[in-house]
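The values are calculated or read from the model by the stated rules, or taken from the named source; none is laboratory data. Note that the structure is predicted; figures quoted are calculated from it, not measured. Note that we place each Cβ from the backbone using ideal geometry, even for glycine, and neighbour counts take in every protein chain shown. Note: areas computed on protein heavy atoms with side chains; ligands, DNA, RNA excluded. Shrake-Rupley method; radii C 1.70, N 1.55, O 1.52, S 1.80 Å.
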Amino acid sequence: MGRKGKSVRREPKFDVGVPNRELRADPNERLAASEDCERRGRKPATQRRVAKPLPQKSQPSHKKSSGRQGRRRSALGRLVYWSVVLALWAVIAGVGLVAWVGAHMPAIQSLEVPKRPPSIQIAGTDGRILAVRGDSGVSAKLRELPKHVPQAFIAIEDRRFDWHFGVDPIGIARAAITNLLHRGVSQGGSTITQQLAKNLFLTQERTFSRKIQELVLALWLERKFTKNEILELYLNRVYFGAGAYGVEAAAQRYFGKHAREMNLSEAAMLAGLVRSPSRLAPTRNPNGAERRAQVVLTAMSDAGFISDKAAATAIAQPAHALKQRTTGSINYVADWIMDVLDDLIGRVEDDIVVETSIDPALQLFAEQALSEELAMRGGKLGVEQGAIVALSPDGAVRAMVGGRDYSESQFNRAVAAKRQPGSAFKPFVYLTALERGLNPQTVREDRPIVIKGWRPENYTREYYGPVTLTQALAMSLNTVSVRLTLEFGPTAVTRTAHRLGIASKLEPNASIALGTSEVSVLEMVSAFATFANNGMAITPHVVESIRGKDGKVRYQRRPQSLGQVVEPQYVAMMNAMMQETLATGTGRKADLGGRPAAGKTGTSQDFRDGWFIGYTAQLITGVWLGNDDSSPTKKMTGGGLPTEIWARFMKNAHRNVPVASLPGVHGGITLPYPGMQAETYGHGAPLSHPAPPRSIGAPVPPGSIPGRAQPAAASRGDGMDSWLLDRLLGRR
């Protein structure tokens, strides 16, 4: 039987005439097949049969370029994405920061433009105003000013002032780029409105939070005031140096005219000062102020405010500040007064007039004596600075000069500087000795001395053997001063100095005899006033009264009696001894032509400081010379230039002043006091000294120099003691 429907397999037939290479699959077809297999989840046949894949031919170049472009588009997309994200976060952070700063500021609704600072006028004994602190009390109206005045400020400080809303983004971006290129802060981006906000409400500190506050306040000012009102406020509040606030005060200070009278050159110079008023003040740096004014004029021309011809004319005819007739020494007094005002009347909120004890004539004499003598001889002696203080016997400051030139240095060396007084300190040593039983004719040895390796020497390195205390003080013999200090103790010497008015810390050691502890000029002059006023304690003062502009007295100084701190007989002895310093000793250059005067020279170690403190019955004056860095001078001594400056000042100060004797000394003779008794010291010469009063403390018997016998008392039968005879008839 045959099978039905039996399928017969038929083998495919190929055209054998076709070359074998035509039967091979195209590589692209194989790739497609592989991808098709992968989509179906199966491995390609080639991978199933062959373990190692066959090497494939490289892709065409147009395929590689297409891949790189795709990668670039992908990177660019990521950059844009993250830039947007960062920008959003920056905005959020900025809003948060502004909100935080705003939360720490007063409510905007409660903000008001503060009234101008109070004016503090400082008057001399003649009622004339010598200096002004705070606001000058004068202002300028914008409508009264010539147009080139506000235009000068707009051109150099804020050229887009009329167009921005308080903050200038373009100006900030420009400043940021400039500062980045210069790798530092060379240009600011603050607008006039921002500067006004800082001047009215903020401090001068440079912090990020303060800058944000400035921006917020600038926006508030722009909302509350018109542009003209903002500009007028700015011109009347900005600082121009030399104590001048506001364009009106600056015009009067530098040019001696009202702001409405300023020409183009003067307006440009003032506008240029805003950037750095202290450094560019024309009274201090005229060349710098002129160069800055040229920059302002060029900016005005670029902004179209003036023509190129007008700018060139103004540059060719620059402004010149008024020449100062003085070095501004009264400003040292004004600064000192500002330091004590709060203690006298508390916070100053209204205009006041401070009436002082300063005599304008004496102030000028002191200023001229110091500045002119230093100008002539300071360079030769290697000394750059100095200070002068003059007091009346009751402690009133009549003149004070704190430095060579206030415009160059505002540091008050008369009050704030402390320097070694050298031998000018010795009167406290000798007063200690007198109060403990010695007298001006007591003899002590001037010979070398060694104290634990320390060998104090006399200036000339000469020694005179037995000398009286008067001779030792007049000749400023160091060994005698050291012996006296050891004899009665360094602590006793420091207590004497403190009792007379020295407030600085004094080290109670042997070297205190030579003035090694530092003190101020004001302290030394105050202490010497005790010798001029017959032993009364004083407190130096300069403010006599303070009154408001309405005439109401807010402070009135009352006379103070601090009591007797040195008994009159010891004052008389010290005055006689220090008169001898001017007659035959180291202070001979301080001679006042027959007017009774006394004093003491001082020179510190290595000639670093030169002093002369001297006085008459009417005035006590101290002069200090030296260098701020304490560098040695060229062998300047207290008996040289300091004494000559003192004499020049005192001769001028005593014009038409009656001649008066020093307390206890009449016609060069020290009068004897009750209780004066004769005593023989060392060589048997009958000498005398008044017994120390019980009120000072129990008298301490005179000590003795090692190796020397204790002196024995002499008989009273000698009559008038030899010390007084010596003063009458001369030394025998």
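Principal axis extents of the C-alpha atoms in segment 598-643 (largest first, rounded to whole Å): 35, 17, 14.
Scaled against the 2.2 N^0.38 Å expected of a compact globular protein of N residues, the Cα radius of gyration of segment 353-407 reads 1.27. Extending 7 Å from Cα along the Cβ direction at GLU229 and again at THR313 yields two label points whose distance is 3.7 nm.
Go through 430-442, 279-291 and give me the packing order, highest mean Cβ count within 10 Å leading. Walk me through the numbers on the way to the answer.
Working: 430-442: 24.3, 279-291: 18.5.
By packing density, highest mean first, the sequence is 430-442, 279-291.
A simple spin-label model places the labels of VAL450 and VAL91 8.8 nm from each other, with each point 7 Å out along Cα-to-Cβ. Highest-first packing order for the peptide set 241-252, 628-639 is 241-252, 628-639, based on the mean count of other beta carbon atoms within 10 Å.
Count Lys and Arg as plus one, Asp and Glu as minus one, and take only other residues whose Cβ is under 11 Å from that of LYS589; the net charge is then 0. Take the Cα of LYS635, go 7 Å toward its beta carbon, and the backbone nitrogen atoms of segment 356-389 under 16 Å from that spot belong to 380-383. Net charge of the neighbourhood of ARG455, taken over other residues with C-beta under 15 Å away and scored Lys/Arg +1, Asp/Glu -1, is +1. Surface calculation, 1.4 Å probe, protein heavy atoms: VAL84 sits at approximately 80 Å² accessible. As a ratio to 2.2 N^0.38 Å, the alpha-carbon radius of gyration for segment 195-312 is 1.15. Viscosity 0.890 mPa s, temperature 25 °C: give me the Stokes-Einstein translational D for segment 235-300 in µm²/s, with Rh taken as the Kirkwood radius over C-alpha pairs. D, rounded to a whole number, is 216 µm²/s. The tail of the calculated P(r) for segment 465-562, taken as Cα-Cα distances beyond 19 Å, holds 58 percent of the pairs.
State the percentage of accessible surface on segment 479-587 attributable to carbon and sulfur atoms; use a 1.4 Å probe and exclude ligands, DNA and RNA. Each step should come with its number before you reach the end.
Numbers: 1920 of 3880 Å².
On segment 479-587, the fraction of accessible area on carbon and sulfur atoms equals 50 percent.
Length, then width, then depth: along the principal axes, the Cα atoms of segment 389-437 run 51, 25, 13 Å.
Using only C-alpha atoms and all pairs of different ones, pull out the Kirkwood radius for segment 371-502 in Å with one decimal. Provide the component values of the computation, followed by the final result.
Details: mean 1/r = 0.0575 Å⁻¹.
This gives a value of 17.4 Å.
Just the projected area, averaged over all directions, of the convex hull on the alpha carbon atoms of segment 295-383: how many nm²?
On the way: hull surface 46.6 nm².
Answer in nm², one decimal: 11.6.
Between beta-carbons, use under 10 Å as the cut-off and find the net charge around TYR464, counting Lys and Arg +1, Asp and Glu -1. Intermediate values should be presented prior to the final figure.
On the way: positive: ARG447; negative: GLU445, ASP446, GLU462.
Every neighbour counted, the sum reads -2.
Per-peptide packing, taken as the mean over residues of other Cβ atoms within 10 Å, places 495-506, 609-620 in the sequence 609-620, 495-506 from highest down. With 0.36 nm allotted per residue and the present C-alpha distance subtracted, the ASP126-GLU261 stretch has 45.5 nm of extension available.
So the label point goes 7 Å from the Cα of ARG279 along Cα→C-beta, right? Which residues of segment 405-422 then have their backbone N under 15 Å from it? Under 15 Å, as judged by backbone N against the label point of ARG279, lies no residue of segment 405-422.
Kirkwood Rh and Cα-based Rg: tell me the resulting Rg over Rh for segment 220-272, rounded to two decimals. List each step's numbers first, then the result.
On the way: Rg = 12.2 Å, Rh = 11.7 Å.
Rg divided by Rh gives 1.04.
Within segment 514-586, the ratio Rg/Rh, alpha carbon atoms throughout and Rh by Kirkwood, equals 1.15. Rounded, prolate or oblate: which one fits segment 534-636, using the alpha carbon gyration tensor with axes a ≥ b ≥ c (rounded when a/c is under 1.5, else prolate when a/b beats b/c, else oblate)? Verdict is oblate for segment 534-636. Accessible surface comparison of ASP405, ASP162, ASP135, probe 1.4 Å, protein chains only, largest first: the order is ASP162, ASP405, ASP135. Among the listed pairs LYS115/LYS198; LYS452/LYS600; LYS141/LYS224; LYS115/LYS141; LYS505/LYS651; LYS600/LYS651, those with a Cα-Cα distance over 26 Å are LYS452/LYS600; LYS505/LYS651.
What FRET efficiency comes out for the pair ASP394/ARG588, r = Cβ-Cβ distance, R0 = 30 Å, nearest 0.05?
Numbers: r = 29 Å, r/R0 = 0.98.
For R0 = 30 Å, the calculated efficiency reads 0.55.
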